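The values are calculated or read from the model by the stated rules, or taken from the named source; none is laboratory data. On a predicted model such as this, the values are computed, not experimentally measured, just so you know. Because the Cβ atoms are built from the backbone with ideal geometry, glycine has one as well, and the counts that use them run over all protein chains shown. Just the protein is used for accessible areas: all its heavy atoms, side chains included, with ligands, DNA and RNA removed. Shrake-Rupley method; radii C 1.70, N 1.55, O 1.52, S 1.80 Å.
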Amino acid sequence: QLQLVESGGGLVQPGGSLRLSCAASGPIFSIAAMGWYRQAPGKQRELVATITSGGRTYYPDSVKGRFTISRDNAKNTMYLQMSSLKPEDAAVYYCNDIPPRLGRWGQGTQVTVSS
């Protein structure tokens with residue numbers, strides 16, 4: 001069973017940047033689409049970035065232009081570069097397939113945006 005481990009979260013001021021990483025325990029090149037999700041307290045988990053095996057990316061309007069997803073199949077790692085962060089971006093961020101596989105949810109990485 002492939003495992004995914006998120007890292008790179010932390011405390012950042014509004015307008016700041018962070019880069020999240022998602023390290024897989026095995027090859028990810030065959031996964032058709034992967035994504036970054038986030039869940040803020042009291043809210044449902046939402047998808048914030050998608051990348052296909054061919055490199056096509058999709059973002060909801062809430063993060064478009066500020067977030068960039070990428071994947072390095074050789075390193076079995078996916079990334080999320082976040083810039084111009086807003087307080088409303090604060091959440092626990094997770095990576096998973098699209099659609100998500102129940103057994104692949106990791107612990108996530110906490111992103112806090114505060115001055």
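Filtering the stretch 54-105 to residues that are of a type in the set (Gly, Ala, Ser) and open to solvent by 20 Å² or more (accessible area, probe 1.4 Å) leaves Gly54, Gly55, Ser62, Gly65, Ser70, Ala74, Ser83, Ser84, Ala90, Gly103. Within the stretch 4-43, the set of residues being outside any strand (DSSP E or B) and open to solvent by 50 Å² or more (accessible area, probe 1.4 Å) comprises Gln13, Pro14, Gly15, Ser17, Ser25, Pro27, Phe29, Ser30, Ala32, Pro41, Gly42, Lys43.
Every residue, every condition in (1) of a type outside the set (A, V, I, L, M, F, W, C); (2) out of contact with any strand residue (DSSP E or B) (no Cβ under 8 Å at 6 or more places or on another chain), yes or no:
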{"position": "Ile28", "(1), (2)": "no, no"}
{"position": "Ala33", "(1), (2)": "no, no"}
{"position": "Tyr58", "(1), (2)": "yes, no"}
{"position": "Ala74", "(1), (2)": "no, yes"}
{"position": "Val92", "(1), (2)": "no, no"}
{"position": "Ile98", "(1), (2)": "no, no"}
{"position": "Thr112", "(1), (2)": "yes, no"}
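Might you let me know whether the stretch 44-53 holds any residue that is in contact with a Pro (Cβ under 8 Å, 6 or more places away or on another chain), open to solvent by 50 Å² or more (accessible area, probe 1.4 Å) and part of a strand (DSSP E or B)? Among the residues of the stretch 44-53, at least one is in contact with a Pro (Cβ under 8 Å, 6 or more places away or on another chain), open to solvent by 50 Å² or more (accessible area, probe 1.4 Å) and part of a strand (DSSP E or B), which makes the answer yes.
Restricted to the stretch 64-75, and to residues there that are part of a strand (DSSP E or B) and at pLDDT 95 or above, the residue that is farthest from Gly16 (Cα to Cα) is Ser70.
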